[in-house]
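A short write-up of the structure that comes next.
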Amino acid sequence: MKYDFDLQIDRRNTNSLKWDVAEYELPMWVADMDFQTAPEVLSAIKKRVEHGIFGYSIVSEEWNQAIMSWWRERHNFQIQKEWLIFCTGVVPAISSTVRKLTTVGENILIQTPVYNIFFNSIINNGRHVLESPLSYDGEVYHIDFKELEAKLAEPQTTMMILCNPHNPIGKIWDRETLERIGELCWKHHVLVISDEIHCDLTVPEHDYIPFASVSEKCKENSITCIAPTKAFNIAGLQTAAVIIPNETLRHKVNRALNTDEVAEPNAFAIEATVAAFREGEAWLDELREYIQENKKYVNDFLKKELPELKSVPLEATYLLWIDCSNILENATELSKILRETTGLYLSAGNQYGGNGGQFLRMNIACPREVLKDGLKRLKRGISYILSK
């Protein structure tokens, strides 16, 4: 490999949310990789730093072109320049859109288990969370379309937040599934926000399908949130984009983002995004290969050392969704025991809704030796529980 993903970098005492833990603890929870970003991105940031003046920034034409080119060449989606709006993050975009395009007390549908912050964006704004649980057959997840339509058809349901690819189950929705969702939402006048932040972290040789690219109805009835932050590990730079083909929706969201003051870039957001999408492809492809090897290592380890656990097949993201129902039904209790006895810090699945209570979420985007340490701790913690 050209890039060194085995390099271990000490992140303690750097004001890192992930690593602000006790000295003996190993955090493998929040979706934050333990790899330096692409050298090409670092170079762009260093160049900006060396300029030495950090005044107000604008969204450049290079930003538009970099995103348009990346989605055209990498995801076969033709984005028009006027569809794009800068935002400081996917979550701010979702929250602003919820406030602007729905009314207090209305239902916003989410397919659980799903990214826990969706709950915050809904509840904190006085809207009602309407869960449409994904069906789990013991191996993989599916959508119960009959149940989904029944909830979309409720008069108070006005918005659906789609996770594409889906976090935490790591599933890439296929074209047929996305089209069915789009048809149902169009039929029942439900607006779709599609969170596609993990789209560039698919397994090698496998792409995702942008929701807005599937059909005319999907395009005209959707707001898509994207960012380089997950794929290139630059979440702290607060840079994202919103894609809105429908002119009326775009005007409303633009006003929402500006009203909430989340539509202006910091001094590094634009340069980092342009560098990532123009020069970071080779790095990203090697990263995906490395994560795939990490996934294989974990699955082999579980099969040999911890057969009581099983991981849901991971098609996208670097977040393993581990079924622990053979050990404990309550993931919150399990994660607490693991942390107290071994220092291993994983995300409890309860916070993601649905059947998340039987799962742990494990971030495997780290150097292989760190991963091995985490798995040894996991085995030690499970052995402790089974001995009780």
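The values are calculated or read from the model by the stated rules, or taken from the named source; none is laboratory data. All figures in this text were calculated on a predicted structure; none of them were measured in a lab. Methodologically, a virtual Cβ is constructed for each residue, glycine included, from the backbone with ideal geometry; neighbour enumeration extends over all protein chains shown. All accessible areas refer to the heavy atoms of the entire protein, side chains included, with ligands and DNA or RNA removed. Shrake-Rupley method; radii C 1.70, N 1.55, O 1.52, S 1.80 Å.
The table below lists the values:
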{"read-out": "Lone qualifier among Leu201, Leu237, Leu249 - being of a type in the set (A, V, I, L, M) and more than 21 Å from Trp70 (Cα to Cα)", "value": "Leu249"}
{"read-out": "Filtered residues of the range 131-175 (kept if within 20 Å of Gln292 (Cα to Cα) and either at pLDDT below 95 or acidic (Asp, Glu) (or both))", "value": "Glu139"}
{"read-out": "Of all residues in the range 41-56 being open to solvent by 40 Å² or more (accessible area, probe 1.4 Å) and not in a loop (DSSP other than H, G, I, E, B), the one that is nearest to Leu319 (Cα to Cα)", "value": "Leu42"}
{"read-out": "Unique residue being in contact with a strand residue (DSSP E or B) (Cβ under 6 Å, 6 or more places away or on another chain), farther than 13 Å from Ile169 by Cα, β-branched (Val, Ile, Thr) and open to solvent by 10 Å² or more (accessible area, probe 1.4 Å) when the list is Thr341, Thr332", "value": "Thr332"}
{"read-out": "Test: residue in the range 65-84 that is within 23 Å of Asn15 (Cβ to Cβ), part of a helix (DSSP H, G or I) and of a type outside the set (D, E, K, R)", "value": "no"}
{"read-out": "Residue in the range 200-220 that is modelled with pLDDT of 95 or more, under 15 Å from Trp83 (Cα atoms) and open to solvent by 60 Å² or more (accessible area, probe 1.4 Å) present", "value": "yes"}
{"read-out": "Of all residues making up the range 287-325, the number that are aliphatic (A, V, I, L, M) and outside any helix (DSSP H, G or I)", "value": "8"}
{"read-out": "Given (1) under 17 Å from Glu315 (Cα atoms); (2) touching a His at 6+ places or on another chain (Cβ under 9 Å), number of the condition Glu149 does not satisfy", "value": "(1)"}
{"read-out": "Hits in the range 133-160 - residues which are among the polar types (S, T, N, Q) and either farther than 26 Å from Val104 by Cβ or open to solvent by 50 Å² or more (accessible area, probe 1.4 Å) (or both)", "value": "Ser135, Gln156"}
{"read-out": "Members of the range 164-186 that are surrounded by 23 or more Cβ atoms within 10 Å (Cβ to Cβ) and more than 16 Å from Tyr141 (Cβ to Cβ)", "value": "Gly182, Cys185"}
{"read-out": "Residue in the range 225-242 that is within 15 Å of Trp63 (Cβ to Cβ), touching a Leu at 6+ places or on another chain (Cβ under 6 Å) and surrounded by 21 or more Cβ atoms within 10 Å (Cβ to Cβ) present", "value": "yes"}
{"read-out": "Selection status of Asp260, under 29 Å from Glu196 (Cβ atoms), open to solvent by 20 Å² or more (accessible area, probe 1.4 Å), touching a helix residue (DSSP H, G or I) at 6+ places or on another chain (Cβ under 7 Å) and not β-branched (Val, Ile, Thr)", "value": "yes"}
{"read-out": "Search result, residues across the range 300-329 that are of a type in the set (S, T, N, Q) and open to solvent by 10 Å² or more (accessible area, probe 1.4 Å)", "value": "Ser311, Ser325, Asn326"}
{"read-out": "Selection within the range 177-234 - over 23 Å from Arg278 (Cα atoms) and basic (Lys, Arg)", "value": "Arg180, Lys187, Lys217, Lys219"}
{"read-out": "Residues located in the range 346-357, provided they are open to solvent by 40 Å² or more (accessible area, probe 1.4 Å) and either over 30 Å from Ile143 (Cα atoms) or in a helix (DSSP H, G or I) (or both)", "value": "Asn350, Gln351"}
{"read-out": "Among (1) surrounded by fewer than 18 Cβ atoms within 10 Å (Cβ to Cβ); (2) not aromatic (Phe, Trp, Tyr); (3) not in a helix (DSSP H, G or I), the one test that Asp32 misses", "value": "(1)"}
{"read-out": "Residue in the range 6-29 that is in a helix (DSSP H, G or I), under 30 Å from Asn294 (Cα atoms) and either touching a residue at least 24 places away in the same chain (Cβ under 8 Å) or open to solvent by less than 30 Å² (accessible area, probe 1.4 Å) (or both) present", "value": "no"}
{"read-out": "Check on Leu101, in contact (Cβ under 8 Å) with a residue 40 or more places away in the chain, open to solvent by less than 50 Å² (accessible area, probe 1.4 Å), among the aliphatic types (A, V, I, L, M) and within 20 Å of Asn221 (Cβ to Cβ)", "value": "yes"}
